[in-house]
Amino acid sequence: MNKHVIFVRAHLLAAFFVSAAVLGAASYAGRTVSADAGRPNPQQSEASLIADFRRVEVASVSDAMEQLTGRRMYMSHRMSPIFTTKFAGFARTVLLKKDEGNNDPGALTGMLQAIDDGGADSVYVMAVEGGEDIAGMGGLMGTAMLARGYAGAVIDGGVRDTAYLRKIEFPVYATGIVPSTSVHHYRFAGSQIAVTCDGVLVNAGDIVAADSDGVVVVPRAQAEKVLALAQQMDFKEHSMYAVIEQMKSIVEAVKKFGRI
């Protein structure tokens, strides 16, 4: 095929994807996004908001958060999934503090009650004080979360019963896999409070999104604005793949789309 024809086709294809990106970013989840799309839309239901976050890539959400707020709200490489997964939901936070040698049978009751108080689209976010080698949750807690419709769990600490959790396909991110227990070593210190999970501040009700790239947290008040920008980033990046293949140049594609 003539090189001039190839170039013209690539140029037309790039123009098509730019148009698609603009049109796609201008409308999502059945609603129109105007120039001030970052303002919360009270008509968008919580369920549709979460559904939209499940469609975008965590990397785009992370980039959007940093670009809009200057804050890095992603968790580190230590926070790993027990199997490849993708989810998003509203944070239900729990804090455990060390209390070595306690024989109080009710020391962890609040931790369990916090699970029963949650429901569909919840993400269980637990901070275990110094808990790298303590399992913050296992199969029983995972079963309860699954039964109640939780999207997943993020544990700043360990997880155990991973074979069973994989069997029931309940997604968990944790900083390690260990066989230990928190019983007699920890005490429930609160739920639906602000916690620091792997260095990231998480408030009850914040959006927690996870995929194979990791975990990111979006403050609820900024969710719509971050989502709109993340969707635009996704459209641009996904459009660039074909253009790069056609033009055989990432430099030219970045010039056209302004995304890397």
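Structure above, values below:
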item: Those residues of the range 54-69 which are of a type in the set (A, V, I, L, M), within 20 Å of Pro171 (Cα to Cα) and in a helix (DSSP H, G or I), in sequence order; result: Val58, Ala59, Val61
item: Selection count where residues are outside any loop (DSSP other than H, G, I, E, B) and out of contact with any strand residue (DSSP E or B) (no Cβ under 6 Å at 6 or more places or on another chain), scope the range 70-89; result: 1
item: Cβ-Cβ under 9 Å pairs, at least 6 apart or on other chains, the range 170-195 side farther than 17 Å from Asp206 by Cα, far side crowded, with 23+ Cβ neighbours inside 10 Å and among the hydroxyl-bearing types (Ser, Thr, Tyr); result: Phe170/Tyr150; Val172/Tyr124
item: Members of the range 168-218 found to be among the charged types (D, E, K, R) and farther than 26 Å from Ser48 by Cβ, listed by number; result: Arg187, Asp198
item: In the range 182-201, the residues that are on the phi > 0 side of the Ramachandran plot and crowded, with 24+ Cβ neighbours inside 10 Å; result: none
item: When residues of the range 56-91 are limited to those that are β-branched (Val, Ile, Thr) and within 26 Å of Glu132 (Cβ to Cβ), the one surrounded by the fewest Cβ atoms within 10 Å (Cβ to Cβ); result: Thr84
item: Among (1) under 24 Å from Ser60 (Cα atoms); (2) touching a His at 6+ places or on another chain (Cβ under 9 Å); (3) not hydroxyl-bearing (Ser, Thr, Tyr), the one test that Lys86 misses; result: (2)
item: Residues of the range 205-252 classified as in contact with a Phe, Trp or Tyr (Cβ under 9 Å, 6 or more places away or on another chain), of a type in the set (D, E, K, R) and at pLDDT 95 or above, total; result: 4
item: Some residue of the range 202-223 being within 19 Å of the chain's Cα centre (by Cα), assigned to a helix (DSSP H, G or I) and surrounded by fewer than 18 Cβ atoms within 10 Å (Cβ to Cβ); result: yes
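The values are calculated or read from the model by the stated rules, or taken from the named source; none is laboratory data. Remember, it's a predicted structure, so these values are computed and weren't measured experimentally. Heads up, the Cβs are rebuilt from the backbone with ideal geometry, glycines too, and the neighbour counts pull from every protein chain shown.
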